[in-house]
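Asker: Dropping a structure here in structure tokens format, bear with me for questions.
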Amino acid sequence: DDSGDTAGRALMTIVSAQHEELVILTVQGSIDVLTAPQLSEAVTNALTGQPRGLIIDLTTTDFLASAGMGVLVAAHADLAPAVRLVIVADSPTTSRPLKLVGIADLIELFATRDEALAAVTA
């Protein structure tokens, strides 16, 4: 059935984890116009405990649309400088668009979660 009905299929899942004074959001699947509000809500929820930093891990994200990038830019605008926001992205699907549109110049980009953790906890 190719009618475009995606009900019942998870397009994106977000797993939130606490690490010391940080929150790590691991985003799996596609971040597009349909799922971007879910990411925005996850960011808002992650901040309820007033963490020192927020790591958004896109290593298992297979699609990043402009709507998703908009959420990242808005989150950075809302959080900086009180909360340090960094992104983990290493695939052409995620890191390349972030670099092309200049988001990587605005928000720190790391290739691995370990590198991001080391930088934010340093």
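Asker: Spin-label point model (7 Å from Cα, Cβ direction): what's the THR121 to VAL73 distance in nm?
Answerer: Simple spin-label model gives 3.3 nm for this pair.
Asker: If you put +1 on each Lys and Arg Cβ and -1 on each Asp and Glu Cβ, how big is the dipole of the chain around its Cα centre, in Debye rounded to 20?
Answerer: Taking the Cα centre of the chain as origin, the dipole is about 260 debye.
Asker: Then there is this: Suppose the chain between GLN50 and ALA104 were pulled fully straight at 0.36 nm per residue; how much longer would it get relative to their current alpha carbon spacing? Let's see the in-between values first.
Answerer: Numbers: separation 54, 0.36 × 54 = 19.44 nm, distance 2.40 nm.
Length difference between fully extended and current span is 17.0 nm.
Asker: Each residue of the stretch 19-34 in order: what ³J(HN,Hα) in whole Hz does its phi give by Karplus 6.51 cos²θ - 1.76 cosθ + 1.60, θ = phi - 60°, with x for Gly and Pro?
Answerer: For the stretch 19-34, the Karplus curve yields 9, 6, 9, 10, 10, 10, 9, 9, 9, 10, x, 10, 10, 9, 4, 7 Hz.
Asker: Ok, one more. Bins of 5 Å, beginning at zero and ending with the bin holding the largest distance: percent of Cα pairs per bin for the chain, please.
Answerer: 2, 11, 23, 26, 20, 10, 4, 2, 1, 0, 0
Asker: For ASP62 and THR93, calculate 0.36 nm times their separation in residues minus their Cα-Cα distance, and state this gained length in nm to one decimal. List each step's numbers first, then the result.
Answerer: Details: separation 31, 0.36 × 31 = 11.16 nm, distance 0.63 nm.
10.5 nm is the gain from fully extending ASP62 to THR93.
Asker: When N is the residue count of the stretch 52-122, what does its C-alpha Rg come to as a fraction of 2.2 N^0.38 Å? It would help to have the intermediate numbers written out before the result.
Answerer: On the way: Rg = 11.2 Å, N = 71, 2.2 N^0.38 = 11.1 Å.
Taking the Cα Rg and dividing by 2.2 N^0.38 Å, one obtains 1.01.
Read-outs: derived from the displayed coordinates by stated rules, not from any lab. Quick caveat: nothing in here was measured; it's all calculated off a predicted structure. Quick reminder, even Gly has a Cβ in these numbers, built from the backbone with ideal geometry, and neighbours come from all protein chains shown.
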